[in-house]
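The values are calculated or read from the model by the stated rules, or taken from the named source; none is laboratory data. Source: prediction; values computed, not measured. Here the Cβ is made from the backbone with ideal geometry for all residues, glycine too, and neighbour counts use every protein chain on show. The protein model used for the area step is the full one, side chains on, heavy atoms only, and it has no ligands, DNA or RNA in it. Shrake-Rupley method; radii C 1.70, N 1.55, O 1.52, S 1.80 Å.
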Amino acid sequence: MSKKIITIGLIICLICLNLILLATLCTRQKELQQYSSNLEIMEDSLRHHILRFDNLLSNYLIMTEFQSMKIDRDLILYNTDGQIQELGKLVCQGPKLIFKYSKLNCDVCVDEQIILLKEFTEIIGSENVIIISDYDNPRELTQFVRMNQLDNEVLNLHDQEIIPFDKSLPYYFILSRHLTLQQLFIPLSGSRYLTKNYFNLILRSYFND
């Protein structure tokens, strides 16, 4: 009888140990799954930061290459009425901040910059800001102006280019009577602070009367 009780006790102990071991294994498995999930999140975040760094470096190299490049005086611009605007006359009353984008650019990226630019325009005045794009006809340009409720001048390049990457990236620069790309800046999507820092530099250098 005593041996039977001892055997039953041992069996019960083994069952309990197995249950404890199983519970421990389940807990460890959940911890490993959570760790694996966290690791994937960290890897995604790292890839995201690497990509942004690559984009930032690429933008910097482009800005360095084309900084102070001469703009073609014969460049033809059109206003929302389809009338020709001469490039040299745009700067008769001082330098202008130019935002250039293409209809091929990411809509979200352009919208983000338009929001920031409108805020900055309230500080330096709409007469000091010009937006240039490359729509196929005046109607598209007018629609863009109306949708974004823009007060500053908006001009059309059609299929012309100011610089070789015109169709690839939106960018800012200061247009002065020298007709060169001064203070060329390529914004990074999602990094509003970079654009705002650029605006602060422009404000101090050109529009802080």
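Some notes on this structure:
- Residue within segment 49-65 that is modelled with pLDDT under 70, aromatic (F, W, Y) and under 29 Å from Q182 (Cα atoms) present: yes
- Residues in segment 175-187 that are surrounded by 18 or more Cβ atoms within 10 Å (Cβ to Cβ) and assigned to a loop (DSSP other than H, G, I, E, B): L181, I186, P187.
Residue-wise test of (1) of a type outside the set (K, R); (2) open to solvent by 20 Å² or more (accessible area, probe 1.4 Å); (3) assigned to a strand (DSSP E or B).
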{"site": "L117", "(1), (2), (3)": "yes, no, no"}
{"site": "I123", "(1), (2), (3)": "yes, yes, no"}
{"site": "E127", "(1), (2), (3)": "yes, yes, no"}
{"site": "I131", "(1), (2), (3)": "yes, no, yes"}
{"site": "E161", "(1), (2), (3)": "yes, yes, no"}
{"site": "K167", "(1), (2), (3)": "no, yes, no"}
{"site": "F173", "(1), (2), (3)": "yes, no, yes"}
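- Of all residues in segment 60-106 being among the aromatic types (F, W, Y) and open to solvent by 40 Å² or more (accessible area, probe 1.4 Å), the one that is nearest to S133 (Cα to Cα): Y78
- Residue in segment 153-163 that is more than 19 Å from C106 (Cβ to Cβ), under 19 Å from the mean Cα position of the chain (by Cα) and in contact (Cβ under 8 Å) with a residue 12 or more places away in the chain present: no
- Number of the condition not met by L150 [criteria: (1) in a loop (DSSP other than H, G, I, E, B); (2) under 25 Å from Q67 (Cβ atoms)]: (2)
- Criterion (farther than 15 Å from N79 by Cα, surrounded by fewer than 14 Cβ atoms within 10 Å (Cβ to Cβ) and free of Cβ contacts under 8 Å to residues at least 40 places away in the same chain) met by exactly one of Y198, Y193: Y193
- Residues of segment 133-147 that turn out to be assigned to a helix (DSSP H, G or I) and buried (at least 19 other Cβ atoms within 10 Å of the Cβ), as a count: 2
- Look at (1) at pLDDT below 85; (2) over 26 Å from R73 (Cα atoms) and you find that G94 fails only one, number (2).
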